[in-house]
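Visitor: Below is one structure. I have some questions about it.
Throughout, read-outs are computed from the coordinates displayed, never taken from laboratory work. Source: prediction; values computed, not measured. Here the Cβ positions follow ideal geometry from the backbone for every residue, glycine too, while neighbour counts run over all protein chains shown.
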Number of protein chains: 2
Amino acid sequence: MTTHFQWMRRALHLASKGRGFTSPNPMVGAVLVKNHHIIGEGYHEKFGGPHAEVMALRQAGVKAKDATMYVTLEPCSHQGKTPPCAPQVIKAGVSRVYISMTDPNPLVNQNGIRMLENAGVKVYTGLLEKEARDLNRGFISLMEKKRPWLTLKMAQTADGYIADLSGKSQWITSPPAREFVMSQRALHDGIMVGLGTVLKDNPGLLPAKRDAYIPWRIILAGTLMMPDSLKILTDDYTQRTMILTCENPEPERLKFLTDRGLKILTIPADSTGKVSIPKVLEVLGEQGITSVYCEGGGQIAGTLIREGLCDEIQLFVAPKVLGQGLPVFGGFAKNLDQAVRLKWEDIQRIGPDLLVRGRLDSCLQD
Amino acid sequence: MTTHFQWMRRALHLASKGRGFTSPNPMVGAVLVKNHHIIGEGYHEKFGGPHAEVMALRQAGVKAKDATMYVTLEPCSHQGKTPPCAPQVIKAGVSRVYISMTDPNPLVNQNGIRMLENAGVKVYTGLLEKEARDLNRGFISLMEKKRPWLTLKMAQTADGYIADLSGKSQWITSPPAREFVMSQRALHDGIMVGLGTVLKDNPGLLPAKRDAYIPWRIILAGTLMMPDSLKILTDDYTQRTMILTCENPEPERLKFLTDRGLKILTIPADSTGKVSIPKVLEVLGEQGITSVYCEGGGQIAGTLIREGLCDEIQLFVAPKVLGQGLPVFGGFAKNLDQAVRLKWEDIQRIGPDLLVRGRLDSCLQD
């Protein structure tokens, strides 16, 4: 017999199909079950489109009466781009609803559940909640912290250098590790790097598969003056390049870049005259970007860590010892007591390299 | 039915009981089996004492005739502190001998096997050879490289610092990691640190269990002038403290230290006026020390890596980010191509920290 867990897992799987297209909305999946059979299912396919519950109800039609719904997020109670879902679930006669996680959106926040319960629908929450929260960590971050979820990727030697003394960093890690990074890109709404990294490596910043969703390529740049031949300015995905600059753009340059399809946003500078990182994340959130994969450089990484703006760190450690080179982060802690604390979550081998994942938990800090 | 592997595993287990007491001899274990029963077994208990084969033969007595011997190292063919073993195995009438590894000692080097075979004993080699070589990696290193096996332990933050800018390093890693280090000490003949580390941390450099073997505490010191109150000069194990200095010892100071039980050796200085590390390892080998656990500091670690004198690296990585601090190693590689290459062997979690083990394989280098 199929268990509640298995039906919800199916709903989570459906939800994940919307990745990249629903932001800033969450990914949601729903499965309608009656007599141990799926009578309808669906997921939120893209921002502005119908919600998962409605997709499933449409498919089930009149069979939805007395059915059980498995939905990864609390059905909404408010009018958004589409009518609220909870009344439609009630109207269809669904008798039981299993929900993974409540909606952190202050407009919903258990109102959907109350609405269902008041109509006599039995509601059970928390089924595979961890998985659901992990899937929508970007959406949750945006709701709770008003900024995207931030994953920081660093590739370093065993002794903590990201480049040799000449600044050369291609390649510290192995081809399998670099392929893994490309697959990680597809799990985020945007890939962020500093202009220095772009000028040094001329990266494409693209995911491995390019047949569907292409994440935003977000460049933090003190200036818009950069070689016109850069990949991010010339390839097929220029309309997915966003430059955040603190320079007042020179109109002709601005026109040149926007004509190429780029989005240019002006951000205030911080006290050192560089693009203000907290402001960047705020603006990215306003742009509907729920998750960012930051690939450096060191100064941006250091700021993210120091300012507590980083949620997960992915540390690729190559089996190499340099003895000297460019350090991973720009300096911040004066002593050990000021060190930023992580929690190692996962370790795996990728080719000859190691990938260590850590979470930065604000409750770990002093 | 007990398999050949299981009998050899028993022999390896017996061999390991001699750890710390046999150096510079290898650890060896032997099991004599007849009709699926052990009729004799033994191990090399201490340097100068009887060999494992002889122990097993003595226990078996006349029953040894037509028995099978499992022995972790090729029986010796030469007169050492004790008479050669191979003739005694033959004389006892043992019909088959399983051997894990051949003896790298040039005085033996398959002569023992030839002696057995010429007498009509059936000889099988290579059973659990990897395990046997690992057990006696110190002995093998001394035979093949004329220096002890060197394990380098480093404790660092996620971004590769061994101390904060003030030099404070207590404690980067957690109590479980530090306990693990103490257990590792017991697996080596000696624990090596620089005087700087001793002056900074005043460590005891002792293993967790002190009821049996206490490894040598080896201090590399430019000078013998150090506080008389240091643990290594005052605790119950001063006769297990060895100071290697490049200073011509002042006679009164020398007498003071040797009166306390310490061993003082004078080593040539290198071009920078410090104790020459290659010479140190040569001298330690002459002292019968087959394996060394080096716990820093950074300059010694850097020299060991740069000079290819390190066999295994144990990298403890704490879930902390400092952003700045003292780097792990003294600098050496000018660029990425000159990086020293490792091979990650093993990863494990120890408390909140990670332990990453890497091997430095000379064949990995350019």
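Visitor: With a cut-off of 8 Å between alpha carbons and a minimum separation of six or more residues, what is the relative contact order of the range B:1-154 in percent?
Guide: The value is 19 percent.
Visitor: Shifting gears a bit: What lysines sit close enough to A:LYS81 to cross-link, taking a C-alpha to C-alpha distance under 24 Å and skipping anything fewer than 8 places away on the same chain?
Guide: Counting by Cα, and skipping residues close in sequence, A:LYS81 has these lysines nearby: A:LYS17, A:LYS46, A:LYS91, A:LYS145, A:LYS146.
Visitor: Can you bin the range B:1-130 into rounded, prolate or oblate? Criterion: square roots of the alpha carbon gyration tensor eigenvalues sorted a ≥ b ≥ c, rounded for a/c under 1.5, prolate for a/b above b/c, oblate for the rest. Walk me through the intermediate numbers first.
Guide: Details: a/c = 1.34, a/b = 1.15, b/c = 1.17.
Verdict is rounded for the range B:1-130.
Visitor: Determine which chain A residue has its Cβ at minimum distance from the rotation axis mapping A onto B, giving the value in whole Å.
Guide: A:GLY160, 1
Visitor: Over the range A:205-272, what is the relative contact order in whole percent, taking alpha-carbon pairs under 8 Å and six or more residues apart?
Guide: 30 percent.
Visitor: Using +1 on the beta carbon of Lys and Arg, -1 on that of Asp and Glu, and nothing else charged, what's the dipole of chain B about the Cα centre, debye to 20?
Guide: 840
Visitor: Lysines within cross-link reach of B:LYS263: Cα-Cα under 20 Å, excluding same-chain residues under 8 positions apart?
Guide: Qualifying lysines at Cα under 20 Å: B:LYS231, B:LYS255, B:LYS274, B:LYS279.
Visitor: Across peptide A:340-347, what mean number of C-beta atoms from other chains lies inside 10 Å of a residue's C-beta?
Guide: On the way: counts 8, 6, 7, 2, 8, 1, 0, 6.
Averaged over the peptide's residues, the number is 5.
Visitor: As a test of the formula, what do you get for chain A when each DSSP H run with n ≥ 4 contributes -39,500 (n - 2.57) and the sum is divided by the residue count, at 222 nm and rounded to the nearest 500 deg cm²/dmol?
Guide: For chain A, the value works out to -8000 deg cm²/dmol.
Visitor: What whole-number distance in Å separates the alpha-carbon centres of the range B:204-224 and the range A:79-95?
Guide: Cα centroid of the range B:204-224 versus Cα centroid of the range A:79-95: 73 Å apart.
Visitor: Hey, for B:HIS78 with labels 7 Å out along Cα-Cβ, what do the inter-copy distances come to in nm, ordered shortest first?
Guide: Spacings between copies for this position, smallest first, are 8.6 nm.
Visitor: Which of the lysines could a cross-linker bridge to B:LYS334, judged by Cα under 22 Å and excluding same-chain residues fewer than eight apart?
Guide: List returned: A:LYS168, A:LYS200, A:LYS320, B:LYS343.
Visitor: Follow-up question, since we're still on this one. From the label point of A:ARG58, set 7 Å along Cα to the beta carbon, how far off in nm is each other copy's matching point, shortest first?
Guide: Copy-to-copy label distances for A:ARG58: 8.9 nm.
Visitor: Near B:TRP7, within a Cβ-to-Cβ distance under 12 Å, what is the net charge of the other residues, with Lys and Arg +1 and Asp and Glu -1? Spell out each step's value before the answer.
Guide: On the way: positive: B:ARG9, B:ARG10, B:LYS34, B:ARG96; negative: B:GLU41.
Residues near B:TRP7 contribute +3 overall.
Visitor: Another one. With springs connecting C-alpha atoms under 10 Å apart, model chain A as a Gaussian network and identify which of A:LEU165, A:LEU195, A:LEU233 has the largest mean-square fluctuation.
Guide: A:LEU165
Visitor: Given H placed on each backbone N at 1.01 Å, which residues far from B:GLN110 in sequence or on other chains put an amide H within less than 5 Å of it?
Guide: Correct list: B:ASP103.
Visitor: Starting from 0 in steps of 5 Å, tell me what percent of the Cα-Cα pairs of the range B:198-282 lands in each bin.
Guide: Calculated over all Cα pairs of the range B:198-282, the distribution is 3, 14, 25, 24, 19, 11, 4, 1, 0 percent.
Visitor: Between A:GLN79, A:GLN239, A:GLN59, which gets the highest mean-square fluctuation from a Gaussian network model of chain A, Cα cutoff 10 Å?
Guide: For chain A, modelled as a Gaussian network with Cα springs under 10 Å, the answer is A:GLN79.
Visitor: Can you tell me the relative contact order of the range B:226-366? Whole percent, Cα pairs under 8 Å, sequence separation 6 or more.
Guide: Values: 159 pairs, mean separation 23.8, N = 141.
Relative contact order here is 17 percent.
Visitor: Moving to a separate point now. Could you list which residues have their amide H under 5 Å from that of A:ILE191, counting only those 5 or more apart in sequence or on another chain, with H placed in the peptide plane?
Guide: Residues meeting the criterion, in which the H sits 1.01 Å from N, are A:TRP216, A:ARG217, A:ILE218, A:TYR293.
Visitor: In nm, one decimal, shortest first: how far is the label point of A:GLN239 (7 Å from Cα along Cα to beta carbon) from the matching points in the other copies?
Guide: 8.5
Visitor: Now for a different question. Please average, across the residues of A:145-158, the number of beta carbons from any other chain that are within 10 Å of each residue's own beta carbon, and give a whole number.
Guide: 2
Visitor: Okay, next question. Quick one: putting +1 on the C-beta of Lys and Arg, -1 on the C-beta of Asp and Glu, what dipole do you get for the protein assembly as shown around its Cα centre, in Debye to the nearest 20?
Guide: 1560
Visitor: Could you order the peptides A:321-327, A:340-346, B:7-13, B:42-48 from most to least packed, using the average number of other C-beta atoms within 10 Å per residue?
Guide: The peptides rank, most packed first, as A:321-327, B:7-13, B:42-48, A:340-346.
Visitor: Please report, largest first and rounded to whole Å, the three semi-axes of the ellipsoid equivalent to the range A:282-358, where each semi-axis is the square root of five times an eigenvalue of the C-alpha gyration tensor.
Guide: One finds semi-axes of 23, 18, 13 Å for the range A:282-358.
Visitor: Give the average over all directions of the projected area of the C-alpha convex hull of the protein assembly as shown, one decimal, in nm². Present the calculation step by step, with values, prior to reporting the outcome.
Guide: Details: hull surface 164.6 nm².
Result: 41.2 nm².
Visitor: Can you compute the charge dipole magnitude of the range A:239-366 about its Cα centre, using +1 on each Lys and Arg Cβ and -1 on each Asp and Glu Cβ, nothing else charged? Give it in debye, rounded to the nearest 20.
Guide: Value, rounded to 20: 300 debye.
Visitor: I'd like to compare B:283-294, B:133-144: which one has the highest average count of other Cβ atoms within 10 Å, and what's the full order after that?
Guide: B:283-294, B:133-144
Visitor: Still on this structure: For each of B:SER77, B:SER271, count neighbouring Cβ atoms within 10 Å of the residue's Cβ, then give the residues from fewest to most.
Guide: Numbers: B:SER77 21, B:SER271 6.
In order of increasing Cβ crowding within 10 Å: B:SER271, B:SER77.
Visitor: Taking each residue of A:326-332 in turn, how many C-beta atoms of other protein chains fall within 10 Å of its C-beta, and what is the average?
Guide: The shielding value for this peptide is 5.
Visitor: Another question about this same structure. Test of understanding: ordering B:TYR70, B:TYR98 by Cβ neighbours within 10 Å, fewest first, what list do you get?
Guide: Numbers: B:TYR70 30, B:TYR98 23.
Going from least to most buried by this count: B:TYR98, B:TYR70.
Visitor: Counting just the Cα atoms, what span does chain B cover along each of its three principal axes? Round to the nearest Å and put the largest first.
Guide: Projected onto the principal axes, the Cα atoms of chain B cover 68, 47, 38 Å.
Visitor: Further, regarding this structure: Using the Karplus curve 6.51 cos²θ - 1.76 cosθ + 1.60 with θ = phi - 60°, what ³J(HN,Hα) values do you get for each residue of the range B:252-264, in whole Hz, with x for Gly and Pro?
Guide: Each residue of the range B:252-264 in turn: 5, 5, 4, 5, 4, 6, 5, 4, 7, x, 6, 9, 10 Hz.
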